[in-house]
Structures are given as structure tokens and as C-alpha cells.
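Accompanying notes for the structure given below.
The values are calculated or read from the model by the stated rules, or taken from the named source; none is laboratory data. Just so it is clear, the structure is predicted and the values come from calculations on it, not from any experiment. Neighbour counts are summed over all protein chains in view; Cβ atoms, including those assigned to glycine, are modelled from backbone coordinates with ideal geometry. Just so you know, the surface numbers come from the protein's heavy atoms only, side chains and all, with ligands and any DNA or RNA stripped out. Shrake-Rupley method; radii C 1.70, N 1.55, O 1.52, S 1.80 Å.
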Amino acid sequence: MERSYIMVKPDGVERGLVGEIIKRFELKGYQLLAIQLFKPTREHLQEHYKDLKEKPFFPPLIEYMLSGPVVGMVWQGREMVKVGRRMLGETNPLNSNPGTIRGDFCIETGRNLCHGSDSVESAEREIALWFPSGVIQWERTKIQKLIYE
Ligand code: DAT
Ligand code: MG
């Protein structure tokens, strides 16, 4: 089982899309391990996006991420990182297929609603950054056998 850090960005929170995004991961069969509304500091966001700090879009990205609260989540399941990103869609929402979150609900790269870890290593780094005291590792009983062989 893999874990991924999935985050609803300020536009998604303010537009009332938190429930819709949670619903998609729940209906897929993934398991929620942690969820919290955060008002992160600039330093925290710079750490989260540190791989992008040389990019020209880094300053506006940080301002956008500071524009309101975000909802950070940890989801767990088989191939969670790859499938989670497929469920989010492409970085540019105009390249995202209908049926994906970005494909269905947004238009601009700089307002693309959600974040998903891009590798297992970055997922574990991001989970430790946003949930430093750890997450609840709970076992599902009956439903686990209905979702996995
Ligand atoms: P993703 O969020 O799909 O993993 P990323 O990690 O490359 O994409 O970039 C993080 C965020 O930065 C992305 O969600 C939106 C913004 N961004 C990425 N590429 C951009 C670009 N070319 N122009 C403007 N913003 C960009
Ligand atoms: Mg990324």
C-alpha cells in the first residue's frame, strides 16, 4: 500500500470543492489517513515546493498558495501516488481529461485546485512536512475485501 499527500489549494477551499474532491477518492476506494485545514506560512510553502524554487512561476505560486486556507490530506491505497495524480489531471487544466478534478472544475495552471505528490519519496517527505506528528494508521475490516482481491 502506498500513501500520497493530496491537498486542496485555496481556490478549491474557497469554491467549496473540498467535499467533491474527498468524495472522488472515497468512491474510488482509497482510505483517508489524515485531514486538516491549514493556513501555512510562506516558509512552509517554500519548503513544500522547494524543488521549484528556481522556476519563474515560483513567486506567484507561493502568493496563490498563501491566499487562503488549504486542506491537506493523506490517502492510502494501491498505486496511490500514480492513480492519485491521474485523478487530479494534468498540471495545466486545459490538458486535463474530463472526469479528472482539474479537467472538470478549473481552467488555469495557476488556479488548478489541488496538489498530489509526484513520487512515493516526495509523498513521504510531504506527509512528514504537513503531518509531523504522524497520521492514524487504521485498519479497514469488511470493506477492504470488497475493494482488494
Ligand atoms: P503539479 O502540481 O501538477 O505536480 P508542479 O509540481 O510541476 O505541478 O508545479 C506545482 C504547481 O506550480 C502547479 O500545480 C501549478 C504551478 N505551475 C507549474 N508549472 C507552471 C507553469 N509553467 N506556469 C505557471 N504555474 C505553474
Ligand atoms: Mg508537483
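Tabulated data for the structure shown
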read-out: Residue in the stretch 128-142 that is least open to solvent (accessible area, probe 1.4 Å), counting only those that are assigned to a helix (DSSP H, G or I) and touching a residue at least 40 places away in the same chain (Cβ under 8 Å); value: 130
read-out: Unmet criterion (only one of (1) away from ligand 1 (no atom under 16 Å from the Cβ); (2) within 17 Å of residue 8 (Cα to Cα)) for residue 149; value: (2)
read-out: Selection status of residue 69, open to solvent by less than 70 Å² (accessible area, probe 1.4 Å), more than 8 Å from ligand 1 (Cβ to nearest atom) and not charged (D, E, K, R); value: yes
read-out: Of all residues making up the stretch 31-55, the number that are open to solvent by less than 20 Å² (accessible area, probe 1.4 Å) and closer than 30 Å to residue 145 by Cβ; value: 3
read-out: Unmet requirement for residue 96, which otherwise passes all of (1) within 15 Å of ligand 1 (Cβ to nearest atom); (2) free of Cβ contacts under 8 Å to residues at least 60 places away in the same chain; (3) open to solvent by 50 Å² or more (accessible area, probe 1.4 Å); (4) not basic (Lys, Arg); value: (3)
read-out: Whichever residue in the stretch 113-127 is part of a loop (DSSP other than H, G, I, E, B) and within 11 Å of ligand 2 (Cβ to nearest atom) and, among such residues, is nearest to residue 35 (Cα to Cα); value: 117
read-out: Where residue 102 falls short, out of the listed (1) part of a helix (DSSP H, G or I); (2) touching a Gly at 6+ places or on another chain (Cβ under 7 Å); (3) touching a residue at least 24 places away in the same chain (Cβ under 8 Å); value: (3)
read-out: Test: residue in the stretch 72-86 that is away from ligand 2 (no atom under 15 Å from the Cβ), free of Cβ contacts under 8 Å to residues at least 24 places away in the same chain and charged (D, E, K, R); value: no
read-out: Where residue 125 falls short, out of the listed (1) within 10 Å of ligand 1 (Cβ to nearest atom); (2) of a type in the set (D, E, K, R); (3) surrounded by fewer than 18 Cβ atoms within 10 Å (Cβ to Cβ); (4) closer than 13 Å to residue 4 by Cα; value: (1)
read-out: Of all residues making up the stretch 92-140, the number that are basic (Lys, Arg) and closer than 17 Å to residue 22 by Cβ; value: 2
